[in-house]
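Heads up, the thing below is written out as structure tokens.
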Amino acid sequence: MRPNQSGGVIFVGILPPPVTGANVINAACIAFLRKRGIAVKHLDTSPGSLRKDLTYHFRRITRVFRCFTQIAAMPAAEPWVLYISLAAGAGQL
């Protein structure tokens with residue numbers, strides 16, 4: 001989608017901080033799309049920390065839930081493309 005069109009890409013995934021390979025690649029993908037004039041709405045699922053305690057999992061769950069509610073609230077008439085960058089291992093929901 002070009003800036004003069006409605007819609008674009010809804011990018012669901014983690015971004016720094018913390019810095020890991022996955023969120024650096026996600027940031028590069030978003031920058032690549034925006035550089036080409038594609039509208040990107042980023043919905044961050046990052047817990048903001050690498051400590052995998054109970055707080056980490058609670059933050060992940062609440063951020064993923066918030067993303068789902070934001071997507072559900074978007075107008076259906078706008079032609080958005082949904083891209084979801086999944087976490088690997090036990091962090092995957």
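Values computed for the structure shown
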item	result
Relative contact order (percent, whole number), the chain, Cα cutoff 8 Å, 6+ residue spacing	38
Residue-averaged [θ]222 nm for the chain, counting only DSSP H segments that reach four residues, each worth -39500 (n - 2.57)	-12500 deg cm²/dmol
Residue among Ala72, Ala31, Ala22 with the largest mean-square fluctuation in a Gaussian network model of the chain, springs linking Cα atoms under 10 Å	Ala72
Nearest 10 degrees, 0 to 90: helix 21-35 Cα axis against the chain principal axis	10
Solvent-accessible area per residue, Å², over region 23-77 with all protein chains present [probe radius 1.4 Å]	67
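The values are calculated or read from the model by the stated rules, or taken from the named source; none is laboratory data. Predicted model, so just to flag it, every value in this text is computed and none were measured. In case anyone asks, the SASA skips ligands and DNA or RNA and just uses the protein heavy atoms, side chains included. Shrake-Rupley method; radii C 1.70, N 1.55, O 1.52, S 1.80 Å.
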